Structure formats: structure tokens, C-alpha cells
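Peer 1: Got a structure for you, written out below as C-alpha cells; questions coming shortly.
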Amino acid sequence: MKHIYILFSITFLISFTSFSQIEKERVRGIYYKVSLASTLSINTAYTLEQDDDSGPLINPSALFVNNTIGYQFDQRTMIGLNVEYNYHSQQGLHFLPAYLNLQHNIILDDTNVFVRGGCGTLLGMEKSFEKGSIYKLGVGIQEVFMNNNSLHFGLDFTRKRFGYKTLESLSSVSIFLEFMLF
């Protein structure tokens, strides 16, 4: 009789664990994002003549490299802590912003549409990095693929205030591409 109980228990445990292997879609949890963005400017010295060495019509004028660690509350809302490196080549300025951002998906579909905003501080790590504050607003699309990882593509408007008594400012619109691990 003990053998039947043992056999029944083993069969029940095997069937229970086999059904528990079905993985539900994750909608909340910690994520990591890496991002590359650039602002583009028109080359005013550009000419249509092939012989002239005026360069390309559109030049990148700033480079942004961003790392984000955050938490996704549901399919629509996520919050993140960002540390970013910004280099504005035309002005020769370096920035190291640290800021919080909030992203909200306004359209949930195969390709999600989102808006986001953030604010924080410009860390003055060395003399070459400016101190101040940063504000960001953005819009973009999110393409979710395998295991809820996703690609984000869109536009960000950034406003930086820095310098003596934060009287100087720099505004830019950048195009970004992000990869999110969830």
C-alpha cells in the first residue's frame, strides 16, 4: 500500500511541476536600458557642386550615451534612474546628467507609442563638465520582441541650464535609439 502512495505522490508532483513550467508574460519588474542619441544640424556651408569639399548636408552636432535602471509598474508606466554622457561638439561642452524619468505608453498595440519626461542635475565631476540642471520631454515608439525586451525609437527635447548662477542654457532636439532588457 505504501508503494501506491509513493507512486501517486511522485506522479502528482511531476504533473504539478510540468504545468508550472508555463511562463506568464512579465508586465512588472526591474529593467535596464542603454541608449544612443544625437542631435543633427544643417551644414550652412553645403553646396550642390560635386567638386566642392563642403561636407555633408546634415552633421551630428551632439552625442548622448545613456544608461538607465528602472522599474516597470505595468504595461503602460515605468520609472527610471538615468546617468548619461553628453558631448556638444559645436560648443565644445561636456555634461554628465543624472535624472529621473517617467515613461507612459499612451497607445498599447503591436508597436506601443509613448511619452516621457524627466528632470535632474548636471554633475560637475571635473572642470570640463558643466554643473546645472536638465529637463527632458520625449515621444517615441516601442517595439517589443522576444522575452519582453524592446527597441525604442523617437525624439527628445532637452533643456540644460548651467554656468554662473545657471544663466546659460542649451536646448536641443535629439533622435534616439534604445535597447531595453526586461
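Peer 1: Amide H of residue 54 versus every other amide H placed in the peptide plane: which residues, excluding those fewer than 5 positions away on the same chain, fall under 5 Å?
Peer 2: Under 5 Å from the amide H of residue 54: 47.
Peer 1: Determine ³J(HN,Hα), in whole Hz, for all residues of region 168-173 in sequence, where each value follows from phi through the Karplus function 6.51 cos²θ - 1.76 cosθ + 1.60 and θ = phi - 60°; x replaces Gly and Pro.
Peer 2: Calculated HN-Hα couplings, in order: 8, 9, 9, 10, 8, 10 Hz.
Peer 1: Would you mind computing, in nm to one decimal, how far apart the modelled labels at residue 28 and residue 108 are, each placed 7 Å from Cα along Cα→Cβ?
Peer 2: Label-label distance for residue 28 and residue 108, simple model: 1.3 nm.
Peer 1: Could the peptides 136-143, 167-174 be put in order, highest first, of the mean number of other beta-carbon atoms found within 10 Å of their residues?
Peer 2: Sorting 136-143, 167-174 by mean packing, highest first, produces 136-143, 167-174.
Peer 1: Within 12 Å, Cβ to Cβ, of residue 106, how many net charges do the neighbouring residues add up to if Lys/Arg are +1 and Asp/Glu are -1?
Peer 2: Surrounding charge for residue 106 is +1.
Peer 1: Right, next: Taking 45 Å as R0, compute the FRET efficiency from the Cβ-Cβ separation of residue 71 and residue 47 and round it to 0.05.
Peer 2: Once rounded, the FRET efficiency stands at 0.30.
Peer 1: Hey, another quick one. Any idea how far apart residue 151 and residue 171 come out in nm if each label point goes 7 Å out from Cα toward Cβ?
Peer 2: 3.2
Peer 1: Using only alpha carbons, build the gyration tensor for region 22-127 and give me the equivalent ellipsoid semi-axes, biggest first, whole Å.
Peer 2: Details: eigenvalues 256, 85, 23 Å².
Working through the eigenvalues yields semi-axes of 36, 21, 11 Å.
Peer 1: What is the distance, in nm, between label points placed 7 Å from the Cα along the Cα-to-Cβ direction at residue 135 and at residue 36?
Peer 2: Taking the two extended label points, one gets 3.1 nm.
Peer 1: How much length would be gained if the chain were fully extended between residue 179 and residue 89, taking 0.36 nm per residue of separation minus their Cα-Cα distance, in nm to one decimal?
Peer 2: 29.9 nm
Peer 1: Please list 3J(HN,Hα) in residue order for region 175-182, calculated via the Karplus relation 6.51 cos²θ - 1.76 cosθ + 1.60 where θ = phi - 60°; whole Hz, with x for glycine and proline.
Peer 2: Values per residue, Gly and Pro as x: 9, 10, 9, 10, 10, 10, 9, 10 Hz.
Only the coordinates and a few stated rules stand behind these numbers; no lab work does. For clarity, every value in this text was computed on a predicted model and none was experimentally measured. Every residue, glycine among them, receives a Cβ derived from its backbone with ideal geometry; neighbour counts consider all protein chains shown.
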